[in-house]
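Engineer: Before I ask anything, let me first share the structure, which is written out below as structure tokens.
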Amino acid sequence: MIVKSRPAVAKATLPAMPTFANVPDVFLIRRGALAAVVVAACAALMPLRAAQAQASAPAAAPAAARDFAAERKAIGDSRAWTNYRFAAAERECYSKFFVTRCIDNAKEIQREELQVLRKRELEVGEAERAHRAAERDREQALRRAEFEASQPQRAASEQSSREAYEKKQQEQQLRDAQRQAGAPQRAANAQAYEKKQSDFDARMREAQQKGAEQARQREENVKAYDAKQRDLEQRQKALEERRAKAREQQQGPASAPRPFGF
């Protein structure tokens with residue numbers, strides 16, 4: 001056993017915080033450690049007992065879903081509180097005569113509490129995995145039940161689709177048969193149409209030729225009319241010139257001066 005003589009350190013006042021100070025002997029320390037372990041174990045196992053009580057309740061009252069995140073947070077808070085209490089107890093131990101024994105007892109209490117919290121953490125993780133597996137199995141069961149429940153509807157839909165397809169196939173075969181039966185008539189109609197079209201084309205060519213001939217004839221008539229008009233104008237001009245010349249000849253001797261008065 002190592003005995004250290006150190007001066008007492010200043011202690012911070014922590015209201016409502018349990019410490020290991022003022023412990024008279026080793027037995028009281030061990031008794032306090034066991035009490036702390038029991039309290040921590042009870043606090044950590046309370047959610048598990050609540051879950052077991054809910055599981056043992058009648059099936060008519062469905063249990064509320066567990067909040068695993070809140071449970072993990074509570075475990076983390078308990079672990080932080082345990083470490084904080086150990087640090088405070090360790091500081092208190094330096095003011096005692098048996099420093100090493102006091103620190104060892106504080107470490108033992110911390111180890112037991114952390115072990116309980118670790119066990120609780122593993123239980124929460126296992127319960128969460130089981131919950132997720134149950135949820136996954138339930139979803140698969142629901143999908144399987146929905147699939148099986150919709151099986152008659154799918155079968156009826158497939159049968160209806162098959163019948164509709166067969167009906168369409170029969171209608172198409174009927175149309176093909178009708179088309180094949182009407183092939184000679186369509187060929188005759190096409191031949192008659194081609195003959196009618198060729199006759200129409202021949203009449204169109206004849207009409208175009210006649211139109212061209214009539215246009216040429218009209219052009220020649222216009223040219224002949226213009227020539228006649230020019231000839232008529234020339235004749236009219238020549239006639240007017242002759243008339244003017246005749247008038248000049250008639251008026252010429254009468255207007256000339258007569259030297260002898262006659």
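Engineer: Work through the residues other than ARG72 whose Cβ is under 9 Å from its Cβ and net out their charges, Lys, Arg +1 and Asp, Glu -1.
Structural biologist: Surrounding charge for ARG72 is -2.
Engineer: Let me ask something additional. Fewest first, what order do ARG85, ARG218 take by the number of other Cβ atoms within 10 Å?
Structural biologist: Details: ARG85 20, ARG218 10.
Going from least to most buried by this count: ARG218, ARG85.
Engineer: For ARG143, what charge total do you get from the other residues with a beta carbon under 14 Å from its beta carbon, if Lys and Arg give +1 and Asp and Glu give -1?
Structural biologist: Details: positive: ARG136, ARG138, ARG144; negative: GLU135, ASP137, GLU139, GLU146, GLU148.
With Lys, Arg at +1 and Asp, Glu at -1, the neighbours total -2.
Engineer: Here's something else I'd like to know. Enter the Cα centre distance for the pair region 150-190 and region 90-111, rounded to the nearest angstrom.
Structural biologist: The two parts, judged by their Cα centres, are 95 Å apart.
Engineer: Now for a different question. So, counting K/R as plus one and D/E as minus one, what does the shell of residues with Cβ under 14 Å around SER161 add up to?
Structural biologist: Numbers: positive: ARG154, ARG162, LYS167, LYS168; negative: GLU158, GLU163, GLU166.
Here the charged neighbours net out to +1.
Engineer: Same structure, new question: What's the Cα-based Rg to Rh of region 103-176, Rh via Kirkwood? Show your work: numbers first, answer last.
Structural biologist: Details: Rg = 31.0 Å, Rh = 18.2 Å.
Rg/Rh: 1.70.
Engineer: How would TYR94, TYR165 line up from fewest to most surrounding beta-carbon atoms within 10 angstrom? Could the numbers behind the result be given before it?
Structural biologist: Numbers: TYR94 14, TYR165 10.
Lowest count first: TYR165, TYR94.
Engineer: Can you sort LYS168, LYS119 by how many other beta carbons sit within 10 Å, fewest first? Let's see the in-between values first.
Structural biologist: On the way: LYS168 10, LYS119 13.
Going from least to most buried by this count: LYS168, LYS119.
Engineer: Along the positive direction of the dipole of region 88-245 (beta-carbon charges: Lys, Arg +1; Asp, Glu -1; about the Cα centre), which of GLN169, ALA202, SER95 reaches farthest?
Structural biologist: It is ALA202.
Rule-based calculations on the coordinates, nothing more; no lab input. Because the structure is predicted, anything quoted here is derived from the model rather than measured. Positions of Cβ are backbone-derived with ideal geometry, glycine not excepted, and every protein chain shown enters the neighbour counts.
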